[in-house]
Every structure is written in C-alpha cells, then in structure tokens.
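*Asks:* Sharing a structure here in structure tokens format.
Derivation of every value follows stated rules applied to the coordinates shown; laboratory data play no part. The shown structure was predicted, so the numbers you read here are calculated from the model rather than taken from an experiment. Here the Cβ positions follow ideal geometry from the backbone for every residue, glycine too, while neighbour counts run over all protein chains shown.
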C-alpha cells in the first residue's frame, strides 16, 4: 500500500477540442499546453494541469491521475503491480506508474511533476453572520465573470464492480473511507466516499467517490473543482448561464462532504461541478453509513431533475 496525497487531473476523450477549451475557459480553467491531439488546462493553484482532453473518435471518460507522496511510493507501487516507473511523457513531466483499475479507468500515479506560480485571484469575501462579524466598513461588489477555480477536488465514478474497485483504491492506493451509502438492507453498501490516507493530516472529505451501477460499463458521474467562495460559485454560474451552457443542478449544499455545489454540463455532456466550503477529515474521523435517497444528496437545493442522473 502507498500514500496518495491528492488528485492530479481528470482525463477525457472528445471528438472536438475547440468547444471543450472554450467551455473550460468559461468554467474558470486556463490553457497550459495544447498538442496536436490533446489539451491541458490548469486551475489557479500550483498544480501543473487539472483537466486533459484527448482527441478521439468518441466522447468518453478515460481516467484520472493522483500524486504519490514520495518517489519510494512509486517504486513500491510498480514492484507490487508488476509495472514500472517511467518518465511521464506529458506536459509537466515527473515520473509515473500507469495502471488500469478494475472498472477500466486509466490511473496515473505521479511524482515530481513541475508546478506553477499560483495565478492571482481576489481574496475570499469576508462574511457578516448574525454573530462573529468579519467585515467592517467594507462593501462587496463582484461582477459576472468565470469562477476562480483553485484546484480539482474530486472525481465521482459509477462502476459495475463496486467491491473490486473499492479494494483497489483502499488496499493498493491507501485511500480511506469517509462515508458510505447503503440500499435495501444496511449491509448492502453501494457507494463510498474515499479520502487520501494521510493519518492525522486534514484532507478533503473525498478525493474519489465510487457508486455501484447496474450498467455494464463504468463512467464518470462528475469531476468537481473547488472555487474561492460562495460568491464565486454564483458569479461563475451566472457567467456560464449567460454563455448559454447547460445547467444540471444547484446551487445547493451536499450532505456527505457538506460542499456548496453547482453542476454544469460541458459541450459533450460531461457533468462538472463548482464547489466551496467542503468538510475536512482525517483517518480518525468516524465513518458514516446512511441509506441512499435523493434527500441524502443535499441539505438544501432546487428539485433534482431526472437529467442529473444521466
């Protein structure tokens, strides 16, 4: 077992890169590199790129990348899986171990990738709740613009072989369970939210979420990007709305993870999320186990449309 520190990127195949690049710019990402057949987009943080679009004959989710804590983790992973540590041929370099998980997703585990200077953004807005005031003699004036996407936070995937896929991420890559959902009877676990296994260090409530599906093939449910604050969720949503993109669900607050969320569709139908104000957990945080229902997906939000589950 190794230690994964964070998610690196999500990888999609698309039939046309041009509309994807325009959408991602409107969503709040920035071009890092573009080759003849691939586009690499970054967030405002230091990570080299957070979203990869590869040109292909069909639109589909390909996989994702994670950062190993140490080079020794890469070496151990390669030895255990019978693969090898190789120079990463993509922009940002470093080294990687490339695997395929039980659901069929390509999983790149990276170390030593180049980083960027963070991009300039405004400071998060101070808030004035009924108690604990924070903003004195200052106004808030925020115009419509793309969100300041700070980082990729997590990916949620639908998998037909839930238990095998869970074992892969838990036993091989060191992820730990934060919360689970059950259906029908309490021992029938059909979803798990997994955080990086960093011991006492605080980390996102989930970096990958696994959901069992009756479909024969695995697919992404969504990729989720952290933005500055609540105002940034709304202003970015207003910008996307004005640009004519398809809204999927939100704004609301989740139950598992507590994030304030807003979901959109990219030009190829992939679901993509802006979020802020998520929970932090560590390996000592108690694991929750709840019955799955639409009510368990949000504490408050507009009604869910059937489209959201497609």
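*Asks:* Given N residues in the stretch 139-184, what is its alpha carbon radius of gyration divided by 2.2 N^0.38 Å?
*Replies:* With N residues counted in the stretch 139-184, Rg over 2.2 N^0.38 Å equals 1.91.
*Asks:* Please compute the alpha carbon radius of gyration of the stretch 55-185, then divide it by the globular-protein estimate 2.2 N^0.38 Å. Two decimals is fine.
*Replies:* 1.47
*Asks:* Which one is right for this structure if P(r) over Cα pairs in 20 Å bins from 0, in percent is calculated from it: (i) 32, 60, 8, 0; (ii) 36, 61, 4; (iii) 31, 52, 14, 3, 0?
*Replies:* It is the one labelled (i).
*Asks:* Taking a ≥ b ≥ c as the square roots of the eigenvalues of the Cα gyration tensor of the stretch 198-294, is the shape rounded (a/c under 1.5), prolate (a/b larger than b/c) or oblate?
*Replies:* Judged from the Cα gyration tensor, the stretch 198-294 comes out oblate (a/c at least 1.5, b/c at or above a/b).
*Asks:* Please compute, over every Cα-Cα pair in the stretch 1-122, the percentage with a separation greater than 24 angstrom.
*Replies:* 29
*Asks:* Quick one: check the C-alpha center-to-center distance for the stretch 110-187 versus the stretch 12-65, whole angstrom.
*Replies:* 19
*Asks:* Counting every Cα pair in the stretch 257-306, what percent are over 15 Å apart?
*Replies:* Counting every Cα pair in the stretch 257-306, those more than 15 Å apart make up 63 percent.
*Asks:* Of 288, 236, 65, which is the most mobile in a GNM of the chain whose springs link Cα atoms less than 10 angstrom apart?
*Replies:* Result: 288 has the largest fluctuation of those listed.
*Asks:* Testing the spin-label approximation: label points 7 Å from Cα along Cα→Cβ at residue 134 and residue 304. State their distance in nm.
*Replies:* Computed distance between label sites residue 134 and residue 304 equals 3.0 nm.
*Asks:* Still on this model: Looking only at 29, 172, 210, which one moves most when the chain is put into a Gaussian network model with springs between Cα atoms under 10 Å?
*Replies:* Taking springs between Cα atoms under 10 Å, the residue moving most is 172.
*Asks:* Report the relative contact order of the stretch 98-233, percent, no decimals, based on alpha-carbon pairs under 8 angstrom and at least 6 residues apart.
*Replies:* Relative contact order here is 31 percent.
*Asks:* Over the chain, calculate the relative contact order: mean separation of alpha carbon pairs under 8 Å at least 6 apart, over the residue count, as a percent.
*Replies:* Across the chain, relative contact order equals 18 percent.
*Asks:* How high is the relative contact order of the stretch 228-280, in percent, counting Cα pairs under 8 Å that sit 6 or more residues apart?
*Replies:* So the answer I get is 34 percent.
*Asks:* Quick one: work out the % antiparallel among DSSP beta bridges in the chain, nearest 5.
*Replies:* Roughly 70 percent of the DSSP beta bridges within the chain come out antiparallel.
*Asks:* Under a 10 Å cutoff between Cα atoms, tell me which one of 264, 275, 202 has the largest fluctuation in the Gaussian network model of the chain.
*Replies:* 202
*Asks:* Calculate for the chain the 222 nm mean residue ellipticity that helices alone would give, adding -39,500 (n - 2.57) per DSSP H run of length 4 or more and normalising by residue count, nearest 500 deg cm²/dmol.
*Replies:* Estimated from H runs of four or more residues: -4000 deg cm²/dmol.
*Asks:* According to the Cα gyration tensor, what semi-axes, each the square root of 5 times an eigenvalue, does the equivalent ellipsoid of the stretch 122-262 have, listed from largest to smallest in whole Å?
*Replies:* Semi-axis lengths for the stretch 122-262 are 34, 19, 14 Å.
*Asks:* I've got another one for you. If you rank 42, 31, 141, 133 by fewest surrounding Cβ atoms within 10 Å, what's the result?
*Replies:* 141, 133, 31, 42
*Asks:* Write down, largest first, the equivalent ellipsoid semi-axes of the stretch 50-126 in whole Å, where each equals the square root of 5 times an eigenvalue of the alpha-carbon gyration tensor.
*Replies:* 26, 20, 12
*Asks:* Using 0.36 nm per residue, how much length does the chain from residue 211 to residue 58 gain when fully extended, once their Cα-Cα distance is taken away?
*Replies:* Gain on extension, residue 211 to residue 58, equals 52.7 nm.
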